[in-house]
Amino acid sequence: MAQINNFQEQESLTSLTERHKSILDILQLQGSVSVSDLAERLDVSEVTIRKDLSSLEKQNKLYRTHGRAIPISPYIGDRHTPPPPPPRHINEKEKQFVLEKRAIGKAAVKLVNEHDSILMASGTSILYAAKELVDKKNITVISASVSASSLLSQNKDIDVVQLGGIVRESSVSVVGSFAEDMLKYFNCNLLLMGADGVDIEFGVTTTNMMEANLNRMMMNTSQQTVLLVDSSKFGKKGFSKICDVGEIDHIITDDKIPQMYLESLQDMGIEVTVVPISK
């Protein structure tokens, strides 16, 4: 009897380990999965799946939200499952996902034509776009990013308008009523905007509410909004909402975007440009 019990315990442990591995494999592939879907695919009860997800969440291997599981916590800076502290200054952030941001910036610049008037928000993806934009001629750039303005002003063929206001130390960009008031006097072809998080249900977010408000006003000033985000931003939520995902016209990201998000964006009628990343 003892041998039978030991065998059953070993078999149960093996089954549990394999099921946990299957759950993580599915998450890696899809980016998100519901409890009911996992129960059906793994041929176990939803109660069993909820126990599995709870166990995996305690190991910081996934995050549970609204009857679903996702690979990471969607909340930027979440206190329950904190990731390594994100770099605070833009100079440090600029060193993250370099290949992705450079490729995204190059793709974004292809949308800019001669005599265009474009808005540039803030963030490292915008700074990489500015580096690619610096050789353009006969365009006007209105920028919230002090770093981008400084870079672009080196080209005498680009007219640069730096928005005024409070300069945020972490992003070296402006926010506040002065910047918002200036936007009332402009009408632009294109807005290039970054974000800290993109969640299909909650929307496009950033960690600063003043920046979010300025970005909303930039969207109202522009005929088209293009969101530049690397794939790590999908499934995350920042503190302050900029807009619903459906309000974005065009998203440029890299080829590591979860397939679920890519299909959802395309189903919403959003143009998505996926740039390949060199290995």
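Those residues that are in contact with a Gly (Cβ under 8 Å, 6 or more places away or on another chain) and either within 18 Å of S232 (Cα to Cα) or in a helix (DSSP H, G or I) (or both), I need them from region 100-126; list them, please.
Answer for region 100-126, where residues must be in contact with a Gly (Cβ under 8 Å, 6 or more places away or on another chain) and either within 18 Å of S232 (Cα to Cα) or in a helix (DSSP H, G or I) (or both): S122, G123, T124, S125, I126.
For region 176-227, how many residues meet the condition of being in contact with a Gly (Cβ under 7 Å, 6 or more places away or on another chain) and in a loop (DSSP other than H, G, I, E, B)?
Selection size over region 176-227: 4.
In region 116-137, how many residues are more than 24 Å from the chain's Cα centre (by Cα) and at pLDDT 95 or above?
Going through region 116-137 one residue at a time, the tally reaches 2.
Looking at K236, K184, which is the one that is in contact with a strand residue (DSSP E or B) (Cβ under 8 Å, 6 or more places away or on another chain), of a type in the set (D, E, K, R) and assigned by TED's automatic domain parsing to the domain that holds S147?
Details: K184 fails: in contact with a strand residue (DSSP E or B) (Cβ under 8 Å, 6 or more places away or on another chain).
After applying the criteria, what remains is K236.
Condition check ((1) within 24 Å of H66 (Cα to Cα); (2) among the hydroxyl-bearing types (S, T, Y)) across all residues:
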| site | (1), (2) |
| --- | --- |
| N220 | no, no |
| Q223 | no, no |
| S231 | yes, yes |
| C243 | yes, no |
| I248 | no, no |
| I257 | yes, no |
| M268 | yes, no |
| E271 | no, no |
| P276 | no, no |
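How many of the residues in region 168-180 are surrounded by 13 or more Cβ atoms within 10 Å (Cβ to Cβ) and either not small (G, A, S) or not assigned by TED's automatic domain parsing to the domain that holds N215 (or both)?
Of region 168-180, the ones surrounded by 13 or more Cβ atoms within 10 Å (Cβ to Cβ) are 168, 170-177, 179-180.
Within this subset, residues satisfying the condition of being either not small (G, A, S) or not assigned by TED's automatic domain parsing to the domain that holds N215 (or both) are 168, 172, 174-175, 180.
Final tally of qualifying residues: 5.
What are the pairs with Cβ atoms under 8 angstrom where one residue, in region 104-115, is farther than 16 Å from Q224 by Cα and in contact (Cβ under 8 Å) with a residue 60 or more places away in the chain and the other, located anywhere, is β-branched (V, I, T) and surrounded by 18 or more Cβ atoms within 10 Å (Cβ to Cβ)? Sequence gap at least six, or different chains.
As it stands, the answer is I104/V229; I104/I252; I104/T253; I104/V275; K106/V275, since those pairs meet every condition given.
Which is at positive phi and modelled with pLDDT under 95, of G197, G235? Before you say what the answer is, go through the steps one by one.
Values: G197 fails: at positive phi.
The conditions single out G235.
List the pairs whose first member sits in region 134-156 and is in a helix (DSSP H, G or I), whose second member is of a type in the set (S, T, N, Q) and surrounded by 18 or more Cβ atoms within 10 Å (Cβ to Cβ), and whose Cβ atoms are under 7 Å apart, counting only residues at least 6 apart or on separate chains?
Filtered contacts from region 134-156: V146/Q162; V146/S173; S149/S143; S149/Q162.
The values are calculated or read from the model by the stated rules, or taken from the named source; none is laboratory data. What you are looking at is a predicted structure, and each value in this text was computed from that prediction instead of being measured. Note that each Cβ is placed from the backbone with ideal geometry, even for glycine, and that neighbours are counted across all protein chains shown.
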